[in-house]
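K.L.:
Please see the structure below; I have some questions.
FYI, it's all coordinate maths here, none of it is from the lab. Small disclaimer: the values here were computed from a predicted structure and weren't measured. Neighbour counts run over all protein chains shown; Cβ positions are idealised from the backbone, glycine included.
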Amino acid sequence: MSKNKSLYRNIIQVIFLLLFAFLAFNGKMQLWIIVFGIGLLISLIWGRIYCGWICPINTVLRTKKYIYNKMNIKELDTPNFVKHSFIRWVILFLFVFTMIISRRLNVQINMILYVLIAAFILSLFYDEEMWHKYLCPYGALLSFTNKANSKKLEINNELCSQCGLCAENCPNNIIIINKEEQTISNKECLYCFKCQDVCQFNAISYNKESI
């Protein structure tokens with residue numbers, strides 16, 4: 001991924017973070033559901049672009065990750081009990097159920113903002129993979145719709161030096177490096193292109209070939 005694309009991604013992330021803050025400050029967070037819907041449609045064609053380019057939670061966590069790396073702060077690994085696939089579907093159900101009940105009772109509960117706060121607090125202690133891969137309710141939907149996406153990130157094993165930088169910088173820990181073959185599990189890929197950013201051998205491409 002070129003430096004220009006990396007810059008564009010950062011600009012887009014900041015713009016949507018400011019939009020999120022504007023909606024939250026003005027009590028109009030329900031409008032963010034429109035952004036959610038667009039993100040789902042995009043994932044059918046280009047993958048979970050919402051996660052890597054738009055999601056305000058990911059933007060905040062990227063900043064946290066940068067600070068932790070600079071200060072050499074070690075994050076805790078994701079607990080095994082969190083890794084059951086049904087957990088984030090339960091969280092999604094509770095999220096939707098709470099929104100419906102609050103609307104019926106005419107009680108304003110800013111669930112999206114609370115989810116952002118909860119994700120940030122958890123990620124202060126644990127690897128951000130815990131939120132992106134196992135807890136995010138919207139991520140559960142995107143991992144499902146992303147199956148229809150034909151564009152994938154893949155590693156050219158002939159060009160790869162097996163340095164491990166891509167796996168080290170992947171926020172979702174979905175890159176597998178071994179002696180035989182290097183692969184990317186695209187189902188949970190956030191399409192943040194961090195792996196491309198750090199690859200010195202241009203071994204990672206974004207194309208239409210399934211992995």
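K.L.:
Taking a ≥ b ≥ c as the square roots of the eigenvalues of the Cα gyration tensor of the stretch 1-96, is the shape rounded (a/c under 1.5), prolate (a/b larger than b/c) or oblate? Kindly include the intermediate steps, with their values, before the conclusion.
P.N.:
On the way: a/c = 1.41, a/b = 1.02, b/c = 1.39.
Here the stretch 1-96 falls in the rounded category.
K.L.:
So, one more: Take the alpha carbon gyration tensor of the chain, find the square roots of its eigenvalues, order them as a ≥ b ≥ c, and report rounded if a/c is under 1.5; if not, report prolate when a/b exceeds b/c, else oblate.
P.N.:
Values: a/c = 1.70, a/b = 1.64, b/c = 1.03.
Taking the square roots of the gyration eigenvalues as a ≥ b ≥ c, the chain is prolate.
K.L.:
How far apart, in nm, are two points set 7 Å out from the Cα along the Cα-to-Cβ line at Leu31 and at Leu159?
P.N.:
Spacing of the two 7 Å Cα→Cβ label points: 4.2 nm.
K.L.:
222 nm [θ] for the chain, helices only, -39500 (n - 2.57) per DSSP H run of 4+, per residue, to 500? Don't skip to the end; give the middle numbers.
P.N.:
Numbers: 8 runs with 105 residues, N = 211.
Roughly -16000 deg cm²/dmol at 222 nm, from the helical runs in the chain.
K.L.:
The chain: longest stretch without exposed GluC sites (Glu not before Pro) (DSSP loop, at most 12 other Cβ within 10 Å), sites themselves excluded? Write out the running numbers ahead of the final one.
P.N.:
Working: sites that count: Glu158, Glu180, Glu181, Glu209.
Answer from the scan: 1-157.
K.L.:
With axes computed from alpha carbons, what is the tilt in degrees of helix 56-71 against the longest principal axis of the chain, rounded to the nearest 10 within 0 to 90?
P.N.:
50
K.L.:
Please list, ordered by chain and number, the residues whose modelled amide H lies under 5 Å from the amide H of Tyr126; skip anything fewer than 5 residues away on the same chain.
P.N.:
It is Leu76, by chain and number.
K.L.:
What list of ³J(HN,Hα) values in whole Hz, one per residue of the stretch 113-125 in order, does the Karplus curve 6.51 cos²θ - 1.76 cosθ + 1.60 (θ = phi - 60°) give from phi, with Gly and Pro shown as x?
P.N.:
5, 5, 5, 4, 5, 4, 4, 5, 4, 4, 7, 5, 10
K.L.:
Quick check: from the Cα gyration tensor, does the stretch 36-79 come out rounded (a/c under 1.5), prolate or oblate? Before the final figure, lay out the partial values.
P.N.:
Details: a/c = 3.57, a/b = 2.44, b/c = 1.46.
Verdict is prolate for the stretch 36-79.
K.L.:
Something else: Taking 45 Å as R0, compute the FRET efficiency from the Cβ-Cβ separation of Met111 and Phe201 and round it to 0.05. Walk me through the intermediate numbers first.
P.N.:
Values: r = 44 Å, r/R0 = 0.97.
With a Förster radius of 45 Å, E is 0.55.
K.L.:
Compute the Rg/Rh shape ratio of the stretch 150-207: radius of gyration over Kirkwood radius, all on alpha-carbon atoms.
P.N.:
Details: Rg = 10.0 Å, Rh = 11.2 Å.
That ratio equals 0.90.
K.L.:
Next question, about the same structure. Return, in residue-number order, each cysteine of the chain whose C-beta is not under 4.7 Å from any other cysteine's C-beta.
P.N.:
Here Cys51, Cys55, Cys136, Cys160, Cys163, Cys170, Cys189, Cys192, Cys199 come out as lacking a disulfide-compatible partner, given the Cβ-Cβ threshold of under 4.7 Å.
K.L.:
Also, quick follow-up: Please give the net charge around Thr145, taking every other residue with its beta carbon less than 14 angstrom from that of Thr145, where Lys and Arg add +1 and Asp and Glu add -1.
P.N.:
+3
K.L.:
Still on this structure, please answer the following. Contact order normalised by length for the chain, with contacts defined as Cα pairs under 8 Å and 6 or more residues apart; what percent is it? Numbers along the way, then the final one.
P.N.:
Working: 260 pairs, mean separation 53.4, N = 211.
Relative CO of the chain lands at 25 percent.
K.L.:
Contour minus end-to-end for Lys147 and Ile101, with contour as 0.36 nm per residue of separation and end-to-end as the Cα-Cα distance? Don't jump to the answer; show the numbers that get you there.
P.N.:
Working: separation 46, 0.36 × 46 = 16.56 nm, distance 3.10 nm.
Working it through step by step, the gained length comes to 13.5 nm.
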